[in-house]
Amino acid sequence: MAAKGIASIGECMIELSGQTGDSWRMGFAGDTFNTLWALHALSPEHPATYVSAFGDDPFSRDQIAFFGRAGISIGNSPIIAGARPGLYAITLTGAERAFTYWRSDAAARQLASDPAALAKSLENQALVYFSGITLAILDGAARKTLLTAIAAARTAGSLVAFDPNYRPRLWPSHEAAQAAILEALAVADIALPTFPDEQMLFGDPTPQATAERLGKLSGEVVVKNGEHPALIALNGASQTVNAVHVAAPVDTTGAGDSFNGGYLAARLAGHAPVEAARRAHKVAAAVVQVRGALAPFETLRTAFDS
């Protein structure tokens, strides 16, 4: 039987987003979870699993229950006694966001603590997705365990997608981030970088330079670039796909993550890369018109199919 599931690996945090006055809205989000949320909305025929580690506190229980209500399982992810989720707060200047984090002892840092459970969670997955943030929250040994498990899933037939998603504050040095991200790209079939991140980390002068560099490691490269066109590179050929302009965005949180979800959902459905990017741009445009990282499933589906 062909693999059917989709698995995303990383950290889902408590999200606090500012509302009117001194009010805050609490939800759950995080880069790889945001992508899985969109993927699950757009590919409901594929069972969705969020692979992480969780605490046993009330917030962790609420988080797992939230996943369950959305139809997302946690597979064999460990439950760590005494641990709790990380937390971040979004503050907005217009539609542009800034983040404040409390995550140094988050349960997700132990997602590779049980190699057998991790491998079990990645069994029979049509797609495995992870990011540079997934790598950054792990120590060196745990990172090696993770990449070994992903490589094994790929050998067993899973398509592997990776977004480098470079966040300087999570890494001890430029060099450590470069080395880890290059190792991850070596086990990925699809790379989904963002050009400003790659320019910051590797000094790429243009999106084309990013695509050429990453194309030596991953067969399919999609270079995101905010409101500028995305660059698709496949088998030595490249093409740009225009973004969808949003005149008055509400909140840009999760835009790139939802683009990834839309792109991967389209590829799983059999669409060619250029069409997949076109649909992904529409999904991202819909997400920036709602507050927080997670748009309603119906909003995502309407954008994807428009």
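The values are calculated or read from the model by the stated rules, or taken from the named source; none is laboratory data. These numbers were taken from a predicted model, which means no experiment stands behind them. For neighbour counting, all protein chains shown are included, and Cβ atoms are generated from backbone atoms with ideal geometry for every residue, glycine included. Ligands, DNA and RNA are excluded from the accessible area calculation, which covers all protein heavy atoms including side chains. Shrake-Rupley method; radii C 1.70, N 1.55, O 1.52, S 1.80 Å.
Within straight-line reach of Lys216, meaning a Cα separation under 20 Å, sit the following lysines at least 8 residues removed in sequence or on another chain: Lys224. Based on Cα contacts under 8 Å between residues 6+ apart, the chain shows a relative contact order of 17 percent. For the chain, the 222 nm mean residue ellipticity estimated from helices alone, with every DSSP H stretch of n ≥ 4 adding -39500 (n - 2.57) and the total spread over all residues, rounds to -11500 deg cm²/dmol.
For the range 222-229, backbone phi angles converted through the Karplus equation (6.51, -1.76, 1.60; θ = phi - 60°) give residue-by-residue couplings of 10, 9, 7, 8, x, 7, 7, x Hz, Gly and Pro being listed as x.
Across the range 151-167, computed HN-Hα scalar couplings (Karplus, 6.51 cos²θ - 1.76 cosθ + 1.60, θ = phi - 60°) run 4, 5, 4, 5, 4, 7, x, 6, 7, 10, 10, 9, 10, x, 5, 6, 10 Hz from first to last residue, x flagging Gly and Pro. If you add up the charges near Glu11, with Lys and Arg at +1 and Asp and Glu at -1, over every other residue whose beta carbon is less than 9 angstrom from its beta carbon, what do you get? Combined, the nearby Lys, Arg, Asp and Glu give +1.
Summarising the label geometry, the points placed 7 Å from Cα in the beta-carbon direction at Ala247 and Ala116 lie 6.0 nm from one another. Between Leu294 and any residue 5 or more places off or on another chain, the built amide H atoms are never under 5 Å apart. Relative to the Cα centre, the charge distribution of the chain, modelled as +1 at Lys and Arg Cβ and -1 at Asp and Glu Cβ, gives a dipole magnitude of about 260 debye.
Using a Förster distance of 25 Å, how high is the FRET efficiency between Gln178 and Asp305, based on the Cβ-Cβ distance and rounded to 0.05? So the FRET efficiency works out to roughly 0.05. Lys and Arg at +1, Asp and Glu at -1: add these up for the other residues within a Cβ distance under 15 Å of Phe304 and post the number. Summing Lys/Arg as +1 and Asp/Glu as -1 gives 0.
Taken per residue, the accessible surface of the range 169-209 reaches 43 Å², heavy atoms only and a 1.4 Å probe. Which one of Thr252, Thr155, Thr145 has the biggest mean-square fluctuation once the chain is modelled by GNM with Cα springs under 10 Å? In the Gaussian network model the winner is Thr155. If you take the Cα centroid of the range 116-184 and the Cα centroid of the range 51-114, the two points sit 17 Å apart. Toward the positive end of the charge dipole of the range 159-306, with +1 on the Cβ of Lys and Arg and -1 on the Cβ of Asp and Glu, the farthest Cα among Ala188, His228, Thr299 is that of Thr299. Our coupling estimate for the range 174-182, obtained by passing each phi through the Karplus curve with A = 6.51, B = -1.76, C = 1.60 and θ = phi - 60°, is 3, 5, 5, 5, 4, 4, 5, 5, 5 Hz, Gly and Pro reported as x. Between Ala141 and Ile79, the FRET efficiency from the beta-carbon distance, with R0 = 25 Å, is close to 0.75. Simple point charges give the picture: +1 on the Cβ of Lys and Arg, -1 on the Cβ of Asp and Glu, and for the range 122-238 a dipole about the Cα centre of about 160 debye. Highest mean first, the peptides 66-78, 255-267 sorted by other C-beta atoms within 10 Å per residue fall in the order 255-267, 66-78. A Gaussian network model of the chain, with springs between Cα atoms under 10 Å, assigns the largest mean-square fluctuation among Ser60, Ser43, Ser104 to Ser104.
Straight-line reach from Lys120: taking Cα to Cα under 28 Å and skipping same-chain neighbours fewer than 8 places apart, the lysines in range are Lys4, Lys144.
Per-residue extension of 0.36 nm, minus the Cα-Cα distance of Ala89 and Tyr101, leaves a gain of 3.7 nm for this segment. Where the accessible area of the range 180-247 is counted over protein heavy atoms with a 1.4 Å probe, how much of it, in %, is carbon and sulfur? Carbon plus sulfur share of accessible area: 54 percent. Solvent-accessible surface (1.4 Å probe) assigned to Met200 amounts to roughly 100 Å². Given Cα pairs under 8 Å that are at least 6 residues apart, what percent is the relative contact order of the range 198-297? Worked out over the range 198-297, it gives 21 percent. Taking Ala180, Ala188, Ala211 in turn, the Gaussian network model of the chain (Cα-Cα springs below 10 Å) assigns the largest fluctuation to Ala180. In the chain, the DSSP beta bridges split such that about 45 percent are antiparallel, to the nearest 5.
Per-residue accessible area (protein heavy atoms, 1.4 Å probe) orders Glu183, Glu11, Glu275 as Glu183, Glu275, Glu11, starting from the largest.
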